[in-house]
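Notes follow the structure.
The values are calculated or read from the model by the stated rules, or taken from the named source; none is laboratory data. Please read these numbers as outputs of a predicted model, since none were measured by experiment. Ideal geometry is used to build each Cβ from the backbone, glycine not excepted, and the neighbour counts take in all protein chains shown. We work out accessible area using only protein heavy atoms, side chains counted, and drop any ligands, DNA or RNA first. Shrake-Rupley method; radii C 1.70, N 1.55, O 1.52, S 1.80 Å.
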Amino acid sequence: MSRFDRFRAPIKNARGLGSAKDGVHHFIVQRITAVALLFLAIYVVGLVVTLAGADYATARAAVAHPANAVLLVAFLLAMFWHAQLGLQVVIEDYVHTPWLAIASQLAVRFACVLAALASVFAVVRIALGT
Amino acid sequence: MSQPVRPLSPHLQVYRWQIQMVTSILHRGTGIILAVGSVLIAAALACLAAGPEAWACVTGLAGSWFGLLVLFGWTWALAYHWINGIRHLLQDAGLGYSIAQFVRNGWITVIGSLVITGLVWGVVISRGGFA
């Protein structure tokens, strides 16, 4: 029995989805990625600060290091996921024309997935030295 | 598809500005900025993978006065979203909701974000980066 259960009406449990039609999934994933990014952002800022002014070989070797490559990929996935979830809410709040809302939600999702794939692919290329 | 013109509830223009709304608006604003910035991160990594010439473009842009201005603003946006994000997570846990606490921790995030930005750039400059 969670302490938050008192905020939920029984009909919520009966239907299981709530007014947004997807329950609390968005809320929970937004927070999980937020907690991940709290730590990963410190790490990435630290990495970028240590590489400020570094030459190409040094920067590439740093990203190629297995620990850095894995943490960078984790950061990129959490970041683009969190960005999509946040922009989704902004669009839901401000874009009320149905076709424009759907088009912008699609555009944001495609852009975030594409940027995530491209950046992860770049890190993998660097890490594998190809 | 035509949109019916419905009356809207009063919005920002009817409120006196106060820290509670500033922290909320800044969180959304910095979130949008960081989302745009995330595409720059993807582009920079693609350049790093592509080779020294492409990477020289990135460092050239980053080291220009405009690039440094963007990086400085970007640092603050990240610092603010980061520290106010912690505040939001604590609020999700039901903490810090009395008016006095809410105003105080709002100011802590605003001032804290400036302090973090100063610390990050202090380290960058002391290490001689972007010199």
Nearest 100 Å² is fine: what is the total accessible surface buried where chains A and B meet, probe 1.4 Å? 2700 Å²
Along Cα→Cβ, 7 Å out, is where each label goes; now give me the distance between the ones at B:H11 and B:A50 in nm to one decimal. 3.8 nm
Using a 1.4 Å probe and counting only protein heavy atoms, arrange A:W81, B:W55, B:W76 so the residue with the most accessible area comes first. A:W81, B:W76, B:W55
Nitroxide proxy distance, nm - points 7 Å out along Cα→Cβ at B:V115 and A:Q105: 4.1 nm
The FRET efficiency for A:A67 and A:H96, from their Cβ-Cβ distance with R0 = 35 Å and rounded to 0.05, is 0.15
Each residue of A:47-58 has, on average, a number of other protein chain C-beta atoms within 10 Å of its C-beta equal to 5
So with the 1.4 Å probe, I'd like the accessible area per residue for chain B, rounded to whole Å². 62 Å²
Between B:V36 and A:D55, how high is the FRET efficiency from 1/(1 + (r/R0)^6) when r is the Cβ-Cβ distance and R₀ = 35 Å? Nearest 0.05. 0.80
Loop sites in segment B:40-131: trypsin sites (Lys or Arg not before Pro), DSSP, at most 16 other Cβ within 10 Å: B:R127
What FRET efficiency comes out for B:W107 versus B:W65 if R0 is 35 angstrom and r is the Cβ-Cβ distance? Round to the nearest 0.05. 0.65
